[in-house]
Amino acid sequence: MQLTLDQATGLCRMAALGAGANDEAARSLTASIIAAEAEGLSTVGLSHFIDYLEALEAGRIDGNADPVITRPALAVYLSDARGGLAHTGFDRTIDDLVKAAKLFGVAIFSQKNAYTCGALGYFTGRLAERGLVSFAATNGPAVLAGSGSVKPVYCTNPMSFASPAADGPPLVIDQSSSATAFVNIRKAAEDGKKIPEGWALDASGNPTTDPAAAMKGAMLAFGGQRGANIALMVEVLAAGISGANWSLDAPWFTGGEDSPGTGLFVLAIEPKLLDPEFEQRMKGQLDRLRRRYGVHIPGRSRAEATEKAKARGITVSKAVVQRISEFAERYSA
């Protein structure tokens with residue numbers, strides 16, 4: 001089905017309200033989902049939105065949670081999501097976070113007790129659009145084997161880095177510590193397709209190309225031990241510093257009534273305090289890498305996809321629209 005971004009936004013907002021979210025949470029979640037879908041990130045777009053709706057319905061997300069934001073230091077913001085969305089606390093804080101980073105050079109947003117946050121580049125990209133260099137890390141329920149382990153001890157533990165560049169879209173890197181994202185394995189299982197070797201282990205710790213067996217076993221880190229070490233670093237930043245659940249202690253995000261209680265870490269940096277010409281230098285370097293050396297610049301294709309989506313709308317499977325509409329009809333009723 002073809003939907004304009006306005007149509008998709010209206011549908012998702014009504015569905016979130018129908019699932020039990022208040023207006024603030026519905027708008028905050030919808031904005032992130034539509035941004036992901038418009039950028040071409042369908043696995044964390046409208047199809048993933050159904051996970052949020054079902055979590056709201058089951059109580060894994062408290063749709064009326066009122067995040068508590070404290071400021072333990074002038075450039076540090078600590079959010080307790082209180083079982084709600086990861087997005088709401090950040091949305092409440094982003095203006096102050098930007099002001100603090102521009103004043104002090106750096107600022108930190110740290111959050112605990114939230115549902116999983118979806119596309120992590122959504123957080124860093126917004127800061128880059130406001131002139132800041134940023135890094136983010138988040139965790140979730142354990143699905144990834146650690147170094148020397150065949151059992152899951154970490155989530156896919158994604159990280160994202162974003163930087164502004166003059167006269168163009170920001171650089172946005174968003175990748176997991178695992179060889180692939182969990183949603184890709186789940187989609188392969190739904191489609192009845194095999195996964196590449198090196199992505200996962202089965203429940204007995206043996207390599208597997210069966211996505212169903214992988215979902216009962218453990219995912220593998222990219223780059224072996226090095227990737228697993230990065231997953232551990234992300235775990236410390238996202239869960240250790242914030243007081244969130246370690247991945248081993250986080251309830252599963254698609255079952256039960258308990259929030260996974262995950263963490264989010266965001267570091268914002270004002271580069272112009274160090275180099276007033278930073279954005280121009282960044283533009284020159286990215287252009288040189290792309291044009292002379294053929295380097296793929298993350299974030300560029302997302303920006304282009306968003307512009308196309310604004311003009312032409314998005315194509316979504318009928319089944320996904322139908323499922324979202326079921327929740328929207330509850331609000332209408």
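Could you tell me whether any residue of region 260-272 is open to solvent by 50 Å² or more (accessible area, probe 1.4 Å) and either without any contact (Cβ under 8 Å) to a residue 40 or more places away in the chain or in a loop (DSSP other than H, G, I, E, B) (or both)?
Looking through region 260-272, none of the residues is open to solvent by 50 Å² or more (accessible area, probe 1.4 Å) and either without any contact (Cβ under 8 Å) to a residue 40 or more places away in the chain or in a loop (DSSP other than H, G, I, E, B) (or both).
Out of curiosity, is PHE253 closer than 22 Å to ALA114 by Cβ and at pLDDT below 95? Give the steps one after another, and end with the answer.
Numbers: closer than 22 Å to ALA114 by Cβ: yes; at pLDDT below 95: yes.
Against the criterion (closer than 22 Å to ALA114 by Cβ and at pLDDT below 95), PHE253 qualifies.
Mind listing whichever residues of region 308-333 are loosely packed, with under 13 Cβ neighbours inside 10 Å and among the β-branched types (Val, Ile, Thr)?
The answer is THR315, and nothing else.
Looking for whichever is open to solvent by less than 10 Å² (accessible area, probe 1.4 Å) and at pLDDT 95 or above here; the options are ALA81, ALA58, ALA35. Which one fits?
Being open to solvent by less than 10 Å² (accessible area, probe 1.4 Å) and at pLDDT 95 or above holds for just one of ALA81, ALA58, ALA35, which is ALA81.
Collect the residues in region 147-167 that are open to solvent by less than 10 Å² (accessible area, probe 1.4 Å) and more than 30 Å from GLU277 (Cα to Cα), keeping them in residue-number order.
Of everything in region 147-167, just one residue is open to solvent by less than 10 Å² (accessible area, probe 1.4 Å) and more than 30 Å from GLU277 (Cα to Cα), namely ASN157.
If a residue must be open to solvent by 10 Å² or more (accessible area, probe 1.4 Å) and either aromatic (Phe, Trp, Tyr) or touching a Leu at 6+ places or on another chain (Cβ under 7 Å) (or both), how many such residues does region 205-241 contain?
Within region 205-241, residues that are open to solvent by 10 Å² or more (accessible area, probe 1.4 Å) and either aromatic (Phe, Trp, Tyr) or touching a Leu at 6+ places or on another chain (Cβ under 7 Å) (or both) number 6.
Does any residue in region 277-303 that is over 27 Å from ALA36 (Cβ atoms) come within less than 9 Å, Cβ to Cβ, of a residue that is β-branched (Val, Ile, Thr) and open to solvent by 40 Å² or more (accessible area, probe 1.4 Å) six or more places away or on a different chain, and which pairs are these?
Pairs that qualify, where the first residue is over 27 Å from ALA36 (Cβ atoms) and the partner is β-branched (Val, Ile, Thr) and open to solvent by 40 Å² or more (accessible area, probe 1.4 Å), are ARG288/VAL295.
Select from region 174-204 the residues that are open to solvent by 50 Å² or more (accessible area, probe 1.4 Å) and either in contact with a helix residue (DSSP H, G or I) (Cβ under 8 Å, 6 or more places away or on another chain) or under 22 Å from VAL44 (Cα atoms) (or both) and list them in ascending order.
If the condition is that a residue be open to solvent by 50 Å² or more (accessible area, probe 1.4 Å) and either in contact with a helix residue (DSSP H, G or I) (Cβ under 8 Å, 6 or more places away or on another chain) or under 22 Å from VAL44 (Cα atoms) (or both), then GLN175, ASN184, LYS187, GLU190, ASP191, GLY192, LYS193, LYS194, PRO196, TRP199, ALA203 are the ones that fit.
Select from region 100-127 the residues that are among the polar types (S, T, N, Q) and either over 28 Å from PHE253 (Cβ atoms) or part of a helix (DSSP H, G or I) (or both) and list them in ascending order.
Passing the criteria: only THR124.
What are the residues in region 128-141 that are part of a strand (DSSP E or B), over 18 Å from TRP246 (Cβ atoms) and open to solvent by less than 10 Å² (accessible area, probe 1.4 Å), if any?
Scanning region 128-141 gives SER134, ALA136.
The values are calculated or read from the model by the stated rules, or taken from the named source; none is laboratory data. Just so it is clear, the structure is predicted and the values come from calculations on it, not from any experiment. Ideal geometry is used to build each Cβ from the backbone, glycine not excepted, and the neighbour counts take in all protein chains shown. Only protein heavy atoms, including side chains, enter the accessible area calculation; ligands, DNA and RNA are left aside. Shrake-Rupley method; radii C 1.70, N 1.55, O 1.52, S 1.80 Å.
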